[in-house]
Amino acid sequence: MKTNITLKSIAFLYTAGSLMPLSAQEGQQERPNFVWFMTEDVSKHYLSLYNEGKCGAVTPNVERLADEGIVFNNAYSNAPVSSAARSTLITGCYAPRLGVSFHRKLEQVPMPEGLNMFPSYLRKVGYHTSNAAKTDYNCFMDKTAWDVVNGKMGEWRNRPDKSKPFFHVRTNAVTHEGKLQFKKTALRETPTVNSPSDVFVHPYHPDTELFRYTYATFYDRIQDSDKELGELISMLETDGELDNTFIFYFGDNGGSLPGTKGYTTETGLQVPLVVYVPKKWRDKLPVKVGTRADGFVSFMDLGPTLLHLAGIQVPEQMDGTPFLGTDISLKKLNARDEVYGYGDRFDELYAFNRTLRKGNFKYSRNFQPYHSKSLYAFYRYKQAAFREWLSLYESGKLNAAQSRFFEPQGAEELYDLSVDPYETRNLAGDPAYSSKLKELRGILKTTMIKECDLGFFPECVWLEKGRQNPTAFGLANASSIRRYSDIADLEMSSFKQGEAALRKALKSSDPVERYWGATVCASFGEKAASLYPELKSLLKDSHSYVKSRTVVALAKVKQVEPVALMKEALLAAKTGAESLLILNDVTYLQDTGLGYHFTLEPADVPQKCSGVDWRLKYLKSK
């Protein structure tokens, strides 16, 4: 239910330890201004501010903010790619329950009924809101959110009433992963400012000349973004606004090196976050400047934090909770010890991954465990370093940590980040950690079910049946989501324990249950031999996405020749989203070393959507 917020009920502001109506403070401009400076595709792991003794880009303007503000050691974008992360930011919500965690959107979906994008609530109490200039949301634009949606840096200067407080967002794109899509000849032709010999190569990457050059180039781009941050700070100083303006510096998701952006690893999800606290507010906040906070915060929390600082009640429909305010002590902030991550589709690459960080432990649940994280995605592999990494794996020149990206990811991952910050040693199979594994598994499952996580539906299903109101669709299908979750979790049992339940799922009248039954059978491989008859009966399933996943389960164990069957599935697909899901299965079968080759033409895929052409181009090139 929408929180009933009126101008009268929320027109108050924080003073030193109390709330006071705005009418009592007219003309004194006591409400703070807010500026967000987002750098694209930057995880905290590439800044010297976070990596003392391990190099990283030196960012004097970010460090100035840190000296006069708060450094958050554990800040997360929730999603490791821009549109899903930004949709989380603007709504303050767990994106998979809204249907906005798929990058890029195939259909734009509405906001949940009764909820506005959070800048709308700032505008209602008199803020001027401006965006410079990227939005990239997967939901329809809320026309009440922005005074200026495609403006320039410093757009607050153009607000008609200069006494109004403002919220301004600047996105700096100079660090975008596209800046690392250079030819190998750049190593000789374009020297870097940062020395490649001085960079810290993460242990999951090969330590090669090309990787070192790519790291150094990225350091350079981060420093370029820092220069623009300095310009923004100077603009605020010139305008006399700095002393009343909170500046939030953060990455819009993790990245940008191979295996980071687009993947639910720590380097894909964890971002730098530094909040400059203006002089007028330093005595009002219990958390003092110069502090490094260890509490976990995420993009779900940033909008609610601004509303809280502005004295606005956070709508009940938002999932995030404020992490700064006159009533939030450092102890309370540091008590925050849970954060969630989610990955669904990244361009044409389908994935279904969910993560939970609790304390020092990171738990990952991978719902297609037979997949490697490395399955081809056109935009990712435009980086020469990405292609070199794959080539070195194929030639057997990588160590175990460097190879894991290209090998089946397994259903579960567990890491102790206090000793393994780069997730190189999976503890999920270690008996010494079985209780921790069970604890985190239970928390994540409970959260996904409570949130009515739409990831349990193939995208083509919820788009067809629920795109007019994804949130309501999820709520109406909560019992189905629980059933699908239970079937998917059979991946984590022995086949003998799950056989009867799997047989039931394969014979279900619900096609999504059949889809999950086939997915789990694909995970078990030859262990599922007793279910081959049930699987083969699904080769005639009327739903192409079920047929496709069944072909994967049988082709993995050489029980069918998949090429003709997948062509049949593509011809019968009802939507472009269904075609894209099938093509993802096709790509897996072609790339997994089983000897299959798919020669597909555009005519073989009558139902198309964004990403289909990339898949067809790749399959034709192999």
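Laboratory data are not the source of any read-out in this text; all were calculated from the coordinates shown. Computed from a predicted model, the values in this text were never measured in an experiment. Glycine also receives a Cβ, built like all others from the backbone with ideal geometry; neighbour counts cover every protein chain displayed.
Computed across segment 452-621, the Kirkwood hydrodynamic radius from all distinct Cα-Cα pairs reaches 16.3 Å. Gap in Å between the Cα centre of segment 219-259 and the Cα centre of segment 584-622? Answer, in whole Å: 41.
The value of relative contact order for segment 32-281, using C-alpha pairs under 8 Å at least six residues apart, is 36 percent. Amide hydrogen proximity for GLU412: with H placed 1.01 Å from N in the peptide plane, the residues at 5 or more positions away or on another chain lying under 5 Å are ASN366. Loop-resident trypsin sites (Lys or Arg not before Pro) (DSSP state other than H, G, I, E or B) in segment 212-288 with no more than 12 further Cβ atoms inside 10 Å of their Cβ: LYS288. Relative to the dominant Cα principal axis of the chain, helix 562-572 is inclined by about 60°.
From the alpha carbon centroid of segment 50-76 to that of segment 179-194 is 26 Å.
Axis of helix 434-450 versus longest Cα principal axis of the chain: the two differ by about 80°, to the nearest ten degrees. Between VAL201 and GLN108, the FRET efficiency from the beta-carbon distance, with R0 = 51 Å, is close to 0.80. Taking amide H atoms as placed 1.01 Å from N in the peptide plane, the amide H of THR175 lies under 5 Å from those of GLU40, each 5 or more residues away in sequence or on another chain. Residue-wise HN-Hα couplings along segment 519-535, as the Karplus relation 6.51 cos²θ - 1.76 cosθ + 1.60 with θ = phi - 60° gives them from phi, are 4, 5, 4, 4, 5, 7, x, 5, 5, 8, 4, 5, 9, 4, x, 5, 5 Hz; Gly and Pro carry x.
Electrostatic tally near GLU451: other residues with Cβ closer than 13 Å to its Cβ, Lys and Arg +1, Asp and Glu -1, net +3. Its Cα gyration tensor gives segment 127-166 an equivalent ellipsoid, and the semi-axes of that ellipsoid, as √(5λ) in whole Å with the largest first, are 20, 12, 6.
All other residues whose Cβ lies under 14 angstrom from that of CYS139 are scored, Lys and Arg at +1 and Asp and Glu at -1, for a net of +2. Residues whose amide H comes within less than 5 Å of that of LEU273, counting only those at least five positions distant or on another chain, are PHE72 (H built at 1.01 Å from N in the peptide plane).
For segment 392-405, backbone phi angles converted through the Karplus equation (6.51, -1.76, 1.60; θ = phi - 60°) give residue-by-residue couplings of 5, 5, 5, 8, x, 9, 10, 7, 4, 5, 6, 8, 4, 4 Hz, Gly and Pro being listed as x. Take every Cα pair under 8 Å whose residues are at least 6 apart in sequence, average their separation, divide by the length of segment 452-621, and the relative contact order is 16 percent. When only Cα pairs below 8 angstrom with a gap of at least 6 residues are kept, the chain shows a relative contact order of 16 percent. Of the trypsin sites (Lys or Arg not before Pro) in segment 512-591, the ones in a loop by DSSP (not H, G, I, E or B) with at most 16 other beta carbons within 10 Å are LYS558, LYS574.
Tally Lys and Arg at +1 and Asp and Glu at -1 over the other residues with C-beta under 14 Å from the C-beta of GLU601: what net charge comes out? With Lys, Arg at +1 and Asp, Glu at -1, the neighbours total +3.
Using the Cβ-Cβ distance between ARG503 and LYS382 with R0 set to 30 Å, the FRET efficiency works out to roughly 0.10.
Relative to one another, the C-alpha centroids of segment 270-284 and segment 387-411 are positioned 41 Å apart. When only alpha carbons of segment 32-281 are considered, Rg and Dmax amount to 18.5, 56 Å. Charge dipole of the chain (Cα centre as origin; +1 on each Lys and Arg Cβ, -1 on each Asp and Glu Cβ, all else neutral): 920 debye, rounded to the nearest 20.
Restricting segment 140-187 to trypsin sites (Lys or Arg not before Pro) that sit in a DSSP loop and have at most 15 other Cβ atoms within 10 Å of their own Cβ leaves LYS143, LYS152, LYS162, LYS183, LYS184. For segment 452-621, the Cβ-based charge dipole about the Cα centre amounts to some 220 debye (Lys, Arg positive; Asp, Glu negative; other atoms uncharged). Work from the charge dipole of segment 452-621 (Cβ charges, +1 for Lys and Arg, -1 for Asp and Glu, about the Cα centre) and give the residue of ALA577, TYR484, LEU539 farthest towards its positive end. Result: LEU539, furthest along the dipole toward the positive end.
In plain terms, the chain is cut at each of the GluC sites (Glu not before Pro) found in a DSSP loop with at most 13 other Cβ atoms within 10 Å, and the longest leftover piece is 317-622. The HN-Hα couplings worked out from phi for segment 257-269 by the Karplus form 6.51 cos²θ - 1.76 cosθ + 1.60 (θ = phi - 60°) are 5, x, x, 10, 4, x, 10, 7, 7, 4, 6, x, 10 Hz, whole numbers, x standing for Gly and Pro. Projected onto planes of every orientation and averaged, the convex hull of the alpha-carbon atoms in the chain covers 27.1 nm².
For segment 253-273, the residues whose amide N sits under 14 Å from a probe point set 7 Å from the Cα of THR208 along the beta carbon direction are 258-259.
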